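After the structure tokens below, expect a handful of questions from me.
The values are calculated or read from the model by the stated rules, or taken from the named source; none is laboratory data. This one's a predicted model, so the numbers in the text were calculated from it and none came from an experiment. Reconstructed Cβ throughout: ideal geometry from the backbone, glycine too, with neighbour counts over all protein chains shown. Accessible surface areas use protein heavy atoms only, side chains included; no ligands, DNA or RNA. Shrake-Rupley method; radii C 1.70, N 1.55, O 1.52, S 1.80 Å.
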Amino acid sequence: MFKKRKRRQKKSLFIDSLAVLCFKGMGSYYWAVNHPKYGVSRVGALYLTGKIDKEIVPTKLDWLLTEGFQKRFSSIKKELLQLTENEQDSLIDSLDAETAHKYRVVRRYMNRLNEHGIAAYDISHCIYNNQIFAKSATLLWSNLKHMSLIRKDRDERSQRAAEQAQLLFSNWNEYVTSFIVGVQFRQNSTADSEAFMKTMEPTFTKLLTSKYSPLQNADWNTNLNV
């Protein structure tokens, strides 16, 4: 019984560690460290309860695991690989600013990432938003009779996402790199991307190196079949 509980705790830590990459802004590292212990903030979930479209959210969460933003990243990569460097320059110069930014991000990183590109961004956001959605749903009295189903759905989706992470990536460094490129890809401009990374670089560095980081304490090869 004790060993089984420990295995479940390790599994939960791994799943939560995938989600903490989504914290941003002031205090992001603090919340990342404490998220596995305290979970989704009740206050934050209450704030979001009235803003969540309960018909759209589950569909969007599943979309992140089947297509996600990686699909767009991959299509741009395929397009660029068919062009010479000069042709790439000409194409990018012909695009609007936001689209050109995305093409530049893909060109900069397409040979540095594995074939799954920015899938880590999709996976982490699926888990994080899945946790937020489930927490907010359980706070509604109208859902009182459906608590077990809500939590079961949350756990099953998080399980699929975590399994996908282990299947597509080999370790935390590879995964976090994919996530960071995904963040840059999702920005509206190079200036926004640079500003975001300037703010968040210390957090990502601590997550990969600090002994207090959940990533440092979660084994990438955690057994998820428990």
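Between residues in the stretch 1-19 that are of a type in the set (Gly, Ala, Ser) and residues that are not in a helix (DSSP H, G or I), which pairs lie under 8 Å by C-beta distance while being six or more apart or on different chains?
Filtered contacts from the stretch 1-19: Ser17/Ala218.
Can I ask one more? Sort out which residues of the stretch 170-186 are touching a Lys or Arg at 6+ places or on another chain (Cβ under 9 Å) and closer than 12 Å to Leu113 by Cα, and write them in order of number. Spell out how you get there, then give the answer.
Pass one, the stretch 170-186, residues touching a Lys or Arg at 6+ places or on another chain (Cβ under 9 Å): 177, 181, 183-186.
Those that are touching a Lys or Arg at 6+ places or on another chain (Cβ under 9 Å) and closer than 12 Å to Leu113 by Cα: Thr177, Val181.
Residues checked against (1) modelled with pLDDT of 95 or more; (2) in a helix (DSSP H, G or I); (3) open to solvent by less than 40 Å² (accessible area, probe 1.4 Å):
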residue: Leu149; (1), (2), (3): no, yes, no
residue: Asp155; (1), (2), (3): no, yes, no
residue: Ser170; (1), (2), (3): yes, no, no
residue: Tyr175; (1), (2), (3): yes, yes, yes
residue: Val181; (1), (2), (3): yes, yes, yes
residue: Gln184; (1), (2), (3): yes, yes, yes
residue: Asp192; (1), (2), (3): no, yes, no
residue: Phe196; (1), (2), (3): no, yes, no
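In the stretch 82-114, how many are polar (S, T, N, Q) and either open to solvent by less than 20 Å² (accessible area, probe 1.4 Å) or outside any loop (DSSP other than H, G, I, E, B) (or both)?
Number of matching residues: 4.
Report yes if some residue within the stretch 28-35 is closer than 18 Å to Arg186 by Cβ and at pLDDT 95 or above; otherwise report no. Give the derivation first.
Filtering the stretch 28-35 for residues closer than 18 Å to Arg186 by Cβ gives 28.
Checking which are at pLDDT 95 or above leaves us with none.
No, the conditions are met nowhere in the stretch 28-35.
Might you let me know whether the stretch 129-139 holds any residue that is crowded, with 22+ Cβ neighbours inside 10 Å, at pLDDT 95 or above and assigned to a helix (DSSP H, G or I)?
Scanning the stretch 129-139, I find no residue that is crowded, with 22+ Cβ neighbours inside 10 Å, at pLDDT 95 or above and assigned to a helix (DSSP H, G or I), so the answer is no.
Then there is this: Give just the number: which of (1) in contact with a helix residue (DSSP H, G or I) (Cβ under 6 Å, 6 or more places away or on another chain); (2) at pLDDT below 95; (3) not in a helix (DSSP H, G or I) does Glu55 not satisfy?
Just one mismatch for Glu55, condition (1).
Restricting the stretch 1-27 to residues that are at pLDDT 75 or above and of a type in the set (A, V, I, L, M), which is most open to solvent (accessible area, probe 1.4 Å)?
Of the stretch 1-27, the ones at pLDDT 75 or above are 3-27.
So of that shortlist, the ones also of a type in the set (A, V, I, L, M) come out as 13, 15, 18-21, 26.
Details: Leu13: 43, Ile15: 19, Leu18: 0, Ala19: 0, Val20: 2, Leu21: 5, Met26: 190 Å².
Only one residue tops the list, namely Met26.
Also: Would the stretch 115-122 turn up any residue that is under 30 Å from Ala97 (Cα atoms), of a type in the set (A, V, I, L, M, F, W, C), modelled with pLDDT of 95 or more and not in a helix (DSSP H, G or I)?
Within the stretch 115-122 (the criterion being under 30 Å from Ala97 (Cα atoms), of a type in the set (A, V, I, L, M, F, W, C), modelled with pLDDT of 95 or more and not in a helix (DSSP H, G or I)), the answer is yes, since at least one residue qualifies.
Here is a further query. Considering each of Ala218, Ala162 in turn, give the residue that is modelled with pLDDT of 95 or more, in contact with a helix residue (DSSP H, G or I) (Cβ under 7 Å, 6 or more places away or on another chain), under 19 Å from Asn129 (Cβ atoms) and crowded, with 16+ Cβ neighbours inside 10 Å.
Ala162
A follow-up question, please. If you scan the stretch 193-219, which residues turn out to be among the acidic types (Asp, Glu) and touching a residue at least 40 places away in the same chain (Cβ under 8 Å)? Even if it seems obvious, please write down each step before you answer.
Initial filter on the stretch 193-219 (among the acidic types (Asp, Glu)): 194, 201, 219.
Across the stretch 193-219, the qualifying residue is only Asp219.
Then there's this: Quick check: is even one residue across the stretch 184-192 of a type in the set (A, V, I, L, M) and under 13 Å from the mean Cα position of the chain (by Cα)? Before the answer, list the steps.
Step one: filter the stretch 184-192 for residues of a type in the set (A, V, I, L, M), giving 191.
If we keep only those that are under 13 Å from the mean Cα position of the chain (by Cα) too, we end up with none.
There is no residue in the stretch 184-192 that is of a type in the set (A, V, I, L, M) and under 13 Å from the mean Cα position of the chain (by Cα).
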